[in-house]
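Below is one structure; the comments refer to it alone.
The values are calculated or read from the model by the stated rules, or taken from the named source; none is laboratory data. Fair warning: this is a prediction, and the values are worked out from it, not measured in the lab. Cβ atoms come from the backbone with ideal geometry, glycine included; neighbour counts cover every protein chain shown.
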Amino acid sequence: MERLVMIPGPTPVVRSIQDQMGRPIQAFGDPEFVADYKGVIDDLRTLFGCDGTCFVINGSGTLAMEMAAANVTKPNDAVLILSNGYFGDRYAEICKRRNLDVDVLQSIWGQSVDLNLVKDALKNKRYTAVLATHVDTSTGVCLPLPALGKIMNDFPETLLIVDGVCATAAIPEDMREMNINILLTCTQKAFGVAPGLAMVWADQKALQARENLGTIPDYYIDFKQWIPVMDNPARYFSTPSVNLVWAVSESVRIIQEEGLSHRYDRHVRNARAVQKALEALGFKILAEPEVRAATLSNAIYPEGIDDAKFRAKLYEEGIVVAGGLAAYAGKMFRLGHMGNVTTHELAAALSAIEKALDSFGKLPKYGTGVGTFLEALKQ
Ligand SMILES: *Cc1c(COP(=O)(O)O)cnc(C)c1O
């Protein structure tokens with residue numbers, strides 16, 4: 001049975017992107033592939049306002065996180081982590097292992113780190129970098145990135161690194177406008193491609209910071225190994241994932257055709273409608289309304305619902321959602337609605353959720369969720 005994968009990544013992959021992954025292989029030095037690779041790198045730079053280099057390499061989001069940290073910090077450098085959940089904590093762990101001097105501003109799950117505290121921290125200590133998760137997938141909280149970018153204006157000696165894994169190509173991010181020095185993501189979330197590629201954008205300031213470090217201990221993720229390849233993909237450093245590069249290229253074509261601002265609007269519209277529907281069905285959304293992400297919904301169960309059984313029921317219905325993490329394991333499920341997912345797919349997911357609720361005797365009335373969703377989309 002083909003199931004609809006509605007977890008917060010991998011997200012559904014549309015046919016035209018699947019077709020790129022199924023193409024006969026080409027040599028990575030084939031002039032056709034070299035042109036395709038170069039094209040996607042250039043388009044990605046333009047899309048997010050990058051005046052430096054975009055690295056598109058084999059790996060996952062976590063590799064991209066390590067790559068960003070490795071290229072602009074050295075042991076004992078101070079970094080400030082803004083953690084709105086599990087992935088912020090992961091970034092702290094990555095930085096600790098690199099022997100950085102790590103300070104963490106931690107929010108209560110469901111809220112976002114207070115930006116006044118960020119400002120105070122930056123005033124009191126000189127940080128090499130601020131590392132922020134745009135949307136923490138564990139909580140569904142979206143950090144107010146434009147406001148953080150404004151704060152960074154006053155601290156030009158500190159770099160801003162943004163983990164955009166659950167946001168890039170779904171929620172506005174512009175490196176120039178938001179003072180982002182390194183932005184990172186991977187293919188399986190809002191780009192709607194299978195897992196396999198990491199994407200890291202570094203602006204001129206970040207590239208200069210890398211230059212200032214001299215030789216670094218990291219080999220595969222060293223910007224300097226890749227800069228010549230990203231400039232001219234006919235050069236070899238390590239074998240690119242040929243078919244996934246084509247797949248991203250098709251994803252970028254879809255993004256350009258839709259237009260970034262339309263894509264951002266669509267995500268907000270769908271998210272608000274889904275969230276309204278889940279609330280009408282008796283779920284609570286973990287993230288506070290003012291910081292609620294447009295890319296996924298973390299829905300806390302009403303009393304009397306067993307998480308494993310609920311998700312098994314959805315699975316039977318052909319819908320796959322993710323469980324909660326850490327303290328919220330067993331207490332909520334996570335529904336992704338980013339990338340190229342359609343309103344029809346969301347309506348299908350909601351109808352399966354209604355069926356699952358009904359099996360627990362917890363459904364107000366058939367149509368409550370789907371109806372609320374469709375009504376909300378009209379507005
Ligand atoms: C998924 C995710 C990651 C990790 O990406 P992987 O591809 O699983 O390594 C990192 N940060 C955020 C915000 C994510 O949502």
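Overview of results
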quantity: One residue from P12, P31 being in contact with a Ser or Thr (Cβ under 9 Å, 6 or more places away or on another chain) and at pLDDT 95 or above; calculated: P12
quantity: Any hit, the range 313-326, residues being in a helix (DSSP H, G or I), at pLDDT 95 or above and either more than 27 Å from the chain's Cα centre (by Cα) or among the small types (G, A, S) (or both); calculated: yes
quantity: Unique residue being away from the ligand (no atom under 16 Å from the Cβ), under 27 Å from Y328 (Cβ atoms) and assigned to a strand (DSSP E or B) when the list is L131, L184, L105, L117; calculated: L105
quantity: Residue count, the range 216-249 (criterion: out of contact with any strand residue (DSSP E or B) (no Cβ under 9 Å at 6 or more places or on another chain), surrounded by 16 or more Cβ atoms within 10 Å (Cβ to Cβ) and either closer than 20 Å to G49 by Cα or free of Cβ contacts under 8 Å to residues at least 12 places away in the same chain (or both)); calculated: 1
quantity: Looking only at the range 277-331, and only at residues there that are among the aromatic types (F, W, Y) and closer than 15 Å to S359 by Cβ, the one that is surrounded by the fewest Cβ atoms within 10 Å (Cβ to Cβ); calculated: Y315
quantity: In the range 144-178, residue farthest from the chain's Cα centre (by Cα) [restricted to those that are crowded, with 24+ Cβ neighbours inside 10 Å, over 19 Å from V252 (Cβ atoms) and not acidic (D, E)]; calculated: L159
quantity: Pairs where the first residue, in the range 37-66, is within 19 Å of G9 (Cα to Cα) and within 15 Å of the ligand (Cβ to nearest atom) and the second is among the small types (G, A, S) and in a strand (DSSP E or B), C-beta under 8 Å, 6+ apart; calculated: V56/A198; I57/A198; N58/A198; G59/A198; S60/A198; G61/A198; L63/A198; A64/A198
quantity: Of residues in the range 332-350 being assigned to a helix (DSSP H, G or I) and not aliphatic (A, V, I, L, M), the one surrounded by the fewest Cβ atoms within 10 Å (Cβ to Cβ); calculated: H344
quantity: Unmet criterion (only one of (1) buried (at least 16 other Cβ atoms within 10 Å of the Cβ); (2) in a helix (DSSP H, G or I)) for V79; calculated: (2)
quantity: Answer residue from the range 351-374, given it is in contact (Cβ under 8 Å) with a residue 24 or more places away in the chain, of a type outside the set (G, A, S) and more than 13 Å from F310 (Cα to Cα) and is surrounded by the fewest Cβ atoms within 10 Å (Cβ to Cβ) among those; calculated: P364
quantity: Subset of the range 29-76 (residues that are buried (at least 18 other Cβ atoms within 10 Å of the Cβ), in a strand (DSSP E or B) and not aliphatic (A, V, I, L, M)); calculated: T53, C54, F55
quantity: Condition broken by V242, with the remaining ones in (1) β-branched (V, I, T); (2) within 30 Å of G371 (Cα to Cα); (3) more than 19 Å from the chain's Cα centre (by Cα) satisfied; calculated: (2)
quantity: Total residues in the range 73-90, condition in contact (Cβ under 8 Å) with a residue 40 or more places away in the chain and in contact with a strand residue (DSSP E or B) (Cβ under 6 Å, 6 or more places away or on another chain); calculated: 10
quantity: Cβ pairs under 6 Å, 6+ apart, first in the range 1-16 and under 20 Å from G196 (Cβ atoms), second among the hydroxyl-bearing types (S, T, Y); calculated: P8/T137
quantity: Qualifying positions in the range 327-341 - in contact (Cβ under 8 Å) with a residue 40 or more places away in the chain and not aliphatic (A, V, I, L, M); calculated: Y328, R334, G336, H337, G339, N340
